[in-house]
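One structure is given below, encoded as structure tokens.
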Amino acid sequence: MTLAPLPVEGAIHDLAACQDTVARLRAAREPRAVIVGNPNVGKTTLVNGLAGTNLKVGNWSGVTVEKREARLMHAGRSVQLLDLPGAYSLSPHTPEELITRTALLDEAPEVAINVLDAGNLERNLYLTLQLMDFRMPIVVALNLVDEAREKGMAVDAAALQRALGVPVVETVASKGNGLKGLLSTALERSEVGQGVTYPAAVEAAARALVGHMETLPTLPPHAHRYLALSLLEGDPSIRGRLAATGHAGLLALTDAHLAHLGAQGQDALIEVAEARYARAAEIARAAVPYAQRRRTLTDRLDALALHRWLGIPIFLLTVLLVFRVTFSVAAPFVDLIGGPLQDTVSGWAIAALSWAPFFLRELVVGAIIPGVGTVLSFLPTLLVLYLAMSFLEDSGYMARAAFLADRMMRSIGLDGRAFIPLILGFGCNVPAVYATRTLEKRSDRVLVSMILPFMSCSARLPVYIIFAAALFPKQGSVLVWALYVLGMAVAFAFAWVLRRTTLKSEGGGVLLELPPYRLPAARVLWKHAWRRTASFARRARTTVLSTVVVVWALLAIPAVSGGKFATVAPRDSLFGTVSTLVSPIFAPLGFGNWQATGALVPGFIAKEVVVATLGQIYLGEQAAPPAPLGLLNGLNKAALGTWNAVKASLEAIPTVLALPNLGADANKQTKSPLATALATAFSPAAGLAYLVFVLLYTPCIATVGAIGAEHGRRIAWITVAYQMATAWGMGLMVYQVGRHFL
């Protein structure tokens with residue numbers, strides 16, 4: 001069969017001049033290197049080590065869900081690094097693989113740094129061989145060689161280099177080993193590589209398609225061979241991309257070659273895949289001629305962590321231990337910031353603003369300091385919690401949690417991989433919504449996004465802590481742990497309902513990868529925890545501060561005749577009047593007072609504003625004005641409070657494992673002023689109902705925006721509506737039952 005030539009699409013009249021122009025433009029820009037590899041091979045750690053950046057690192061797949069950039073100086077020149085999402089293949093089956101493939105097509109990088117896991121070489125090499133079809137310079141970073149040795153594997157880097165035809169640099173990115181010479185090798189000695197030789201008929205068809213592409217100015221030259229092979233494999237996304245850009249002639253030529261191959265009894269998709277797998281196995285055998293399998297620490301730990309019956313209890317006890325550590329170690333510092341430090345700042349403010357008008361003093365001392373200060377007092381708790389969660393993430397244990405959850409997740413029509421965004425939701429729901437991009441099926445992404453806000457984000461934690469201190473002082477950590485578990489249970493229940501009604505399963509599954517356990521570097525843990533805590537503090541500086549000012553203004557505006565601005569009784573203010581009108585809705589839940597109801601409304605902006613508003617109302621409006629305080633007296637008071645907090649925190653550490661006392665109050669610390677006020681305003685049953693309502697009611701506006709951006713406004717507002725109804729119903733049930741027992 002002879003294939004007739006097709007008309008040339010947009011032929012280049014002066015190809016040499018065009019290529020010269022492109023070469024000069026690329027020479028003028030800063031060098032660009034893309035970091036490519038399978039999930040969980042250390043790509044982001046490598047970028048952080050090269051550029052000194054603080055990109056998020058997690059010991060599980062799916063952490064990077066979009067390309068991220070970093071810059072560094074090398075040999076006096078700026079170099080741009082693009083960290084691409086982990087991908088097992090460039091034939092995309094997930095959004096992250098599509099992002100990686102699109103970046104390789106569009107960015108035209110000077111070099112690709114392909115990161116391989118030395119302990120899983122054959123699996124990683126399939127992507128490497130696909131990458132070589134791009135005909136771009138490549139250098140291989142053979143990472144995690146220390147873990148490979150622990151497994152009894154000795155990888156011959158020289159043999160791997162000969163087989164691939166590209167430089168191979170051994171690295172341990174987490175320790176900085178090998179990184180110094182990696183970038184120099186990438187920019188100065190990278191090679192295109194040998195790639196795979198496919199069956200003769202497939203090679204002939206690919207060469208014909210490449211020849212046709214060379215006449216097309218709109219297709220990137222470095223991707224011609226990859227595009228040709230993808231077309232022969234029948235990649236629908238590549239066909240759609242070319243059809244949308246007016247390459248009907250190329251698609252027609254592809255169909256003709258596919259018909260020719262079919263007539264010969266050859267399936268290009270199978271032929272190409274088999275050739276890559278065979279070549280990957282051949283290279284792996286050459287690079288790892290002998291491996292003596294050893295029982296590693298990961299194997300021994302997984303015997304318990306993944307045990308059929310013990311795995312779930314161990315996970316729940318681990319989470320409980322995290323909360324016990326958080327409460328015991330951080331509680332003295334929470335009392336320090338919310339007590340002596342806040343009192344000191346208030347005293348200084350009164351002294352400094354003695355000249356100011358009354359309303360300005362009231363704004364600062366009666367609103368901003370108690371409102372923002374109450375939120376900031378929980379920074380130590382969040383810092384300790386983030387340190388613990390980062391340790392679990394980076395050590396690899398959270399990947400085990402996803403594996404353990406797989407059976408339960410499949411019972412509601414999801415797989416264990418969906419558990420990862422849910423766990424991320426414990427930190428913040430917004431990035432967790434974006435992390436659903438790692439799920440292959442759209443119905444899975446929508447379903448997980450709709451139940452994600454039930455996962456208790458860190459912004460709710462201050463509310464739990466202050467109510468626990470006020471009403472349940474001896475069961476603080478257990479109460480918070482129970483709220484987190486309740487949120488997960490409600491999320492799974494709704495997933496089960498939605499999967500069987502509106503969001504039917506699209507089928508399919510996913511292979512969960514369990515990385516080896518790794519001891520996270522203390523520096524990395526601190527960076528992660530500090531970044532998250534600083535983000536919370538920035539929200540206190542912006543969102544919380546602005547909301548506190550608005551609430552103060554509403555509390556200052558009289559809603560009754562004869563009232564004066566900034567001197568009206570809180571209940572008679574505009575805020576109090578509107579809250580009083582709404583409060584009967586919550587009377588059946590036990591907290592039908594205007595203060596509790598009013599604090600929930602700004603919580604729609606950000607959940608931490610709930611506790612800020614409570615602090616503003618109870619401390620700013622009901623407490624006696626603070627007395628002016630001198631500089632030295634204030635410093636002395638703050639220093640004494642700090643010393644007492646440090647001493648109490650150290651003394652609390654041994655109590656973490658003490659079974660009788662499950663809470664931060666094991667040392668019988670005095671309640672904070674806000675906790676004392678809440679203990680008077682709420683009964684235990686009403687307080688518990690309030691906590692359940694805060695746990696389950698509508699997500700913050702940023703989360704609603706993220707859901708809307710990912711899945712549309714309709715899904716976002718449906719989520720808001722059904723969560724509000726769920727929160728009211730659950731709060732009603734908790735109060736009506738709890739008032740008979742608490």
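The values are calculated or read from the model by the stated rules, or taken from the named source; none is laboratory data. In this text the structure is predicted, and so the values were computed from the model without any measurement. Quick reminder, even Gly has a Cβ in these numbers, built from the backbone with ideal geometry, and neighbours come from all protein chains shown. Surface areas here come from the heavy atoms of the whole protein model, side chains and all, with no ligands, DNA or RNA. Shrake-Rupley method; radii C 1.70, N 1.55, O 1.52, S 1.80 Å.
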- Message: For the list (1) assigned to a helix (DSSP H, G or I); (2) more than 25 Å from residue 87 (Cβ to Cβ), I need the number of the one condition that residue 473 fails.
- Response: (1)
- Item | residue 400 vs. criteria among the basic types (Lys, Arg), farther than 30 Å from residue 673 by Cα, in a helix (DSSP H, G or I) and free of Cβ contacts under 8 Å to residues at least 24 places away in the same chain | no
- Item | Selection from segment 268-300 of residues that are open to solvent by 60 Å² or more (accessible area, probe 1.4 Å) and at pLDDT below 85 | 289, 290, 292, 293, 294, 295, 297, 300
- Message: Among the residues that make up segment 568-590, is at least one of them in a loop (DSSP other than H, G, I, E, B), surrounded by fewer than 17 Cβ atoms within 10 Å (Cβ to Cβ) and at pLDDT below 80?
- Response: yes
- Query: Out of curiosity, is residue 343 over 22 Å from residue 473 (Cα atoms) and surrounded by 20 or more Cβ atoms within 10 Å (Cβ to Cβ)?
  - Reply: yes
- Note on the structure: Of (1) small (Gly, Ala, Ser); (2) more than 34 Å from the chain's Cα centre (by Cα); (3) open to solvent by less than 60 Å² (accessible area, probe 1.4 Å); (4) farther than 30 Å from residue 164 by Cα, residue 303 fails just (2)
- Can you name the residue in segment 410-445 that is part of a helix (DSSP H, G or I) and touching a Phe, Trp or Tyr at 6+ places or on another chain (Cβ under 7 Å) and, of all such residues, is farthest from residue 712 (Cα to Cα)? 416
- Query: Does segment 68-87 hold any residues that are hydrophobic (A, V, I, L, M, F, W, C), within 27 Å of the chain's Cα centre (by Cα) and part of a strand (DSSP E or B), and which are they?
  - Reply: 70, 72, 79, 81, 82
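The rows are residues; the columns are (1) without any contact (Cβ under 8 Å) to a residue 60 or more places away in the chain; (2) of a type in the set (D, E, K, R); (3) farther than 27 Å from residue 236 by Cα.
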site	(1), (2), (3)
80	yes, no, yes
89	yes, no, no
94	no, no, no
123	no, yes, no
- How many residues does segment 521-546 hold that are open to solvent by less than 50 Å² (accessible area, probe 1.4 Å), modelled with pLDDT of 80 or more and farther than 19 Å from residue 381 by Cα? 0
- Query: Tally time: how many residues in segment 234-267 are open to solvent by 60 Å² or more (accessible area, probe 1.4 Å) and of a type in the set (Asp, Glu)?
  - Reply: 2
- Does segment 395-419 hold any residues that are under 30 Å from residue 466 (Cβ atoms) and open to solvent by 10 Å² or more (accessible area, probe 1.4 Å), and which are they? 397
- Query: Of all residues in segment 591-636, which are open to solvent by less than 60 Å² (accessible area, probe 1.4 Å), at pLDDT 80 or above and not in a helix (DSSP H, G or I)?
  - Reply: 591, 592, 593, 607
- Item | Top-ranked residue of segment 21-62 - restricted to ones that are open to solvent by less than 50 Å² (accessible area, probe 1.4 Å), part of a loop (DSSP other than H, G, I, E, B) and small (Gly, Ala, Ser), ranked as modelled with the highest pLDDT | 42
- Mind checking whether some residue in segment 167-181 is in contact (Cβ under 8 Å) with a residue 12 or more places away in the chain, of a type in the set (Ser, Thr, Tyr) and out of contact with any strand residue (DSSP E or B) (no Cβ under 8 Å at 6 or more places or on another chain)? yes
- Just one listed residue, out of 674, 678, 732, is at pLDDT 85 or above, surrounded by 22 or more Cβ atoms within 10 Å (Cβ to Cβ), within 30 Å of residue 453 (Cβ to Cβ) and of a type in the set (A, V, I, L, M), and it is 678
- Task: Check off (1) open to solvent by less than 10 Å² (accessible area, probe 1.4 Å); (2) over 30 Å from residue 209 (Cβ atoms); (3) at pLDDT below 90 for residue 136 and give me the number that stays unchecked.
- Result: (2)
- Take segment 102-129 and flag every residue that is crowded, with 20+ Cβ neighbours inside 10 Å and within 26 Å of the chain's Cα centre (by Cα). 104, 112, 113, 114, 115, 116, 117, 120, 124, 127
- Task: Can you confirm whether segment 81-101 contains a residue that is β-branched (Val, Ile, Thr), at pLDDT 70 or above, surrounded by fewer than 20 Cβ atoms within 10 Å (Cβ to Cβ) and under 24 Å from residue 439 (Cα atoms)?
- Result: yes
- Query: Looking at 188, 203, 170, 150, which one is farther than 30 Å from residue 232 by Cα and modelled with pLDDT of 90 or more?
  - Reply: 170
- Task: Give segment 449-483 a look and list any residue that's charged (D, E, K, R) and open to solvent by less than 10 Å² (accessible area, probe 1.4 Å), or say none.
- Result: 460
